[in-house]
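Peer 1: This is the structure, below, for whatever I ask next.
The values are calculated or read from the model by the stated rules, or taken from the named source; none is laboratory data. Owing to the predicted nature of the structure, the values given are computational and were not obtained by experimental measurement. Cβ sites come from the backbone with ideal geometry, for glycine too, and all protein chains shown count toward neighbours.
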Amino acid sequence: MFFTITLVIVLEMINTAIEATIDVTANYYHPLAKIAKNVAAGAVLISAINAVIVGYLLFFDRLKPISNTVLFKIKQSDITVVFICLILVIIATVIIKAVYGEGTPLKGGMPSGHSALAFAAATAISLFIQDLLIITLVYFLAFLVAQSRVEGKIHSLYETIVGALLGILITIFIFKLLS
């Protein structure tokens, strides 16, 4: 455990050194500088994930009763499931936008985060409520959110459709997993 924690700290120091060196040598934007900074930050992220996994494996026996209790309580809470769905949709959207390198996490790019969240919320509501009128209305509102992103020329039709599908699929998956 000590080694994994030390590895995270050392890689963070190397990341800082790389970023500072690039900032000193290149006072303008360069795509290779961006790649170098992103790779160094990615190394820190991977080492941090590794540290969490190693810690969990080392302390699994002690964490198992706590994990089971927490998972049981999460499964019993409908609002928590909706919250988890929305958080995961946001995280997935930001990750996909970073992969595509278009727009910013909150504006433009692939996929539409507004559409993803609107359709995730509509799907969650439709999984709780059996009234067809309410389900129709919430999906209509989600459609209006997606349509406003296209009309505002913030997203293309394709980006809003992908966002909608992302929100629907993640929500259904989480509800099936935790229900």
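Peer 1: Does any residue of segment 5-26 turn out to be free of Cβ contacts under 8 Å to residues at least 24 places away in the same chain, outside any helix (DSSP H, G or I) and loosely packed, with under 12 Cβ neighbours inside 10 Å? It would help to see each step written out before you state the result.
Peer 2: Step one: list which residues in segment 5-26 are free of Cβ contacts under 8 Å to residues at least 24 places away in the same chain, which gives 6, 9-10, 13, 16-26.
Now drop any that are not outside any helix (DSSP H, G or I), which leaves 26.
Of the ones still in play, those that are also loosely packed, with under 12 Cβ neighbours inside 10 Å are none.
Looking for residues that are free of Cβ contacts under 8 Å to residues at least 24 places away in the same chain, outside any helix (DSSP H, G or I) and loosely packed, with under 12 Cβ neighbours inside 10 Å, one finds none in segment 5-26, hence no.
Peer 1: Testing Leu86 on (1) more than 26 Å from Ile125 (Cα to Cα); (2) among the aliphatic types (A, V, I, L, M); (3) at pLDDT 80 or above, one condition comes back false. Which one is that?
Peer 2: Of everything listed in (1) more than 26 Å from Ile125 (Cα to Cα); (2) among the aliphatic types (A, V, I, L, M); (3) at pLDDT 80 or above, Leu86 misses just condition (1).
Peer 1: State the number of residues belonging to segment 146-167 that are in a helix (DSSP H, G or I) and surrounded by fewer than 21 Cβ atoms within 10 Å (Cβ to Cβ). Please lay out each step first, then the result.
Peer 2: The first filter runs over segment 146-167 and keeps only residues in a helix (DSSP H, G or I), leaving 146-151, 157-167.
Cutting the leftovers down to surrounded by fewer than 21 Cβ atoms within 10 Å (Cβ to Cβ) gives us 147-148, 150-151, 157-158, 161-162, 165.
Result for segment 146-167: 9.
Peer 1: Write out, first by first residue and then by second, each pair whose Cβ atoms fall under 6 Å of each other, whose residues are 6+ apart or on separate chains, and whose first residue, in segment 105-127, is more than 11 Å from Ala164 (Cβ to Cβ) while the second is among the acidic types (Asp, Glu) and at pLDDT below 85.
Peer 2: Gly109/Glu102; Met110/Glu102
Peer 1: For a quick check of your reading of the model, give me the residue pairs whose first member lies in segment 146-171 and is assigned by TED's automatic domain parsing to the domain that holds Phe83 and at negative phi, whose second is of a type in the set (D, E, K, R) and surrounded by fewer than 15 Cβ atoms within 10 Å (Cβ to Cβ), with beta-carbon atoms closer than 8 Å and at least 6 apart or on different chains.
Peer 2: Close Cβ pairs satisfying both conditions: Ile154/Lys107.
Peer 1: Restricting attention to segment 29-50, does a residue exist that is out of contact with any Gly (no Cβ under 7 Å at 6 or more places or on another chain), closer than 19 Å to Gly101 by Cα and aromatic (Phe, Trp, Tyr)?
Peer 2: Yes, because at least one residue in segment 29-50 is out of contact with any Gly (no Cβ under 7 Å at 6 or more places or on another chain), closer than 19 Å to Gly101 by Cα and aromatic (Phe, Trp, Tyr).
Peer 1: Something else: Keeping to segment 53-83, report how many residues are at pLDDT 75 or above, out of contact with any Phe, Trp or Tyr (no Cβ under 9 Å at 6 or more places or on another chain) and of a type in the set (A, V, I, L, M, F, W, C).
Peer 2: 6
Peer 1: While we're looking at this one, here's another question. So Leu45 ticks every box in (1) in contact (Cβ under 8 Å) with a residue 24 or more places away in the chain; (2) of a type outside the set (Val, Ile, Thr); (3) surrounded by 12 or more Cβ atoms within 10 Å (Cβ to Cβ) but one. Which box is left unticked?
Peer 2: Checking Leu45 against (1) in contact (Cβ under 8 Å) with a residue 24 or more places away in the chain; (2) of a type outside the set (Val, Ile, Thr); (3) surrounded by 12 or more Cβ atoms within 10 Å (Cβ to Cβ), the one that fails is (1).
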